[in-house]
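Visitor: Let me begin by handing over the structure; questions about it come next.
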Amino acid sequence: MNKIIIQKIQINKQFIIRTLAVYLASFSINYGYSQQNHEQELNHQTHGHTHNNEIGTAVGMVAIPKENEIALGFHLHYTKGVGQENRFGIGIGLGIILEEHQHYAISLATHCRIYKGFIIGYSPGLLILKHDSKKDFHFAQHFELIYEFEVGNLHLGPIVEIGYANSIVHYMTGIHIGIGF
C-alpha cells in the first residue's frame with residue numbers, strides 16, 4: 001500500500017515539475033515577443049483577432065489518473081474563424097496520447113475568444129483505443145483553455161485541456177502553437 005502511495009506522489013511530482021517548466025518556458029518566450037510587438041498587441045486588443053484561419057498544434061504532458069500514467073500528448077487542428085472579428089471558430093482536430101494503449105481522437109474543434117488572448121474550446125468527437133490488434137471506438141469530449149499571444153502570423157501560448165471518454169479522464173498541460181492566415 002505504501003509503495004503505491006509513494007509511486008503516485010512521485011508521478012504527481014514529475015507531472016507538476018514538467019507542467020511548471022512548460023509554463024515558465026511559454027511565458028518567458030511570450031514575454032520577449034510581447035515586448036517586441038507591443039504596438040501589434042495594442043492593435044489586437046482594440047480590433048480583435050486578425051486571422052480568419054489557423055493551423056496549429058498543442059504539445060504537452062498528459063496525466064491519466066485512472067491508468068496511473070503520464071504520457072506525451074499532442075493534437076493538430078484547423079479552425080476557421082466565424083462571426084464578428086472571428087470571435088468564434090470551427091474546424092477539425094486530430095489527437096494522440098502516446099502511451100502503452102495508444103489513444104487517437106478525431107473531433108469537431110470549436111472555440112470562442114472570450115477576452116483578448118483567452119480562448120475556451122470544446123471538441124466533441126470519436127476516441128479510438130488501440131489494444132493489441134483490436135480497436136475500440138467511444139464518444140469523447142475535450143475542453144480547453146488557452147492564452148494566446150499573436151506574433152505576426154504565429155500564435156503562441158499555454159494550454160490546459162481536460163478530456164473525457166469511456167469513463168476515463170485525462171488532463172493535459174502544454175504549449176499551443178499555431179499559424180494564422
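Read-outs: derived from the displayed coordinates by stated rules, not from any lab. Just so you know, these numbers come straight off a predicted model, no measurement behind them. With ideal geometry, Cβ positions are generated from the backbone for all residues, glycine too; neighbour counts draw on all protein chains shown.
Visitor: Treat the count of other C-beta atoms within 10 Å as a stand-in for reagent exposure and order 80, 135 from fewest to most.
Guide: 135, 80
Visitor: What is the spread of the Cα atoms of region 49-181 along each of their three principal axes, largest first, in whole Å?
Guide: 45, 22, 21
Visitor: Here's another thing I want to ask about it. With just the Cα atoms defining each centre, how far is region 124-181 from region 50-99? Give it in Å.
Guide: Each part's Cα centre sits 4 Å from the other's.
Visitor: Which whole-number percentage describes the relative contact order of region 108-181, with Cα contacts under 8 Å and a sequence gap of 6 or more?
Guide: Over region 108-181, the number comes to 23 percent.
Visitor: Excluding same-chain pairs closer than 8 in sequence, count the lysine pairs in region 57-181 whose Cα atoms lie under 24 Å apart.
Guide: Lysine pairs meeting both conditions in region 57-181 amount to 4.
Visitor: Name all residues of region 86-111 having a backbone nitrogen under 20 Å from the label point set 7 Å from the Cα of residue 132 along its Cα→Cβ direction, giving them as ranges.
Guide: It comes to 99-104, nothing else.
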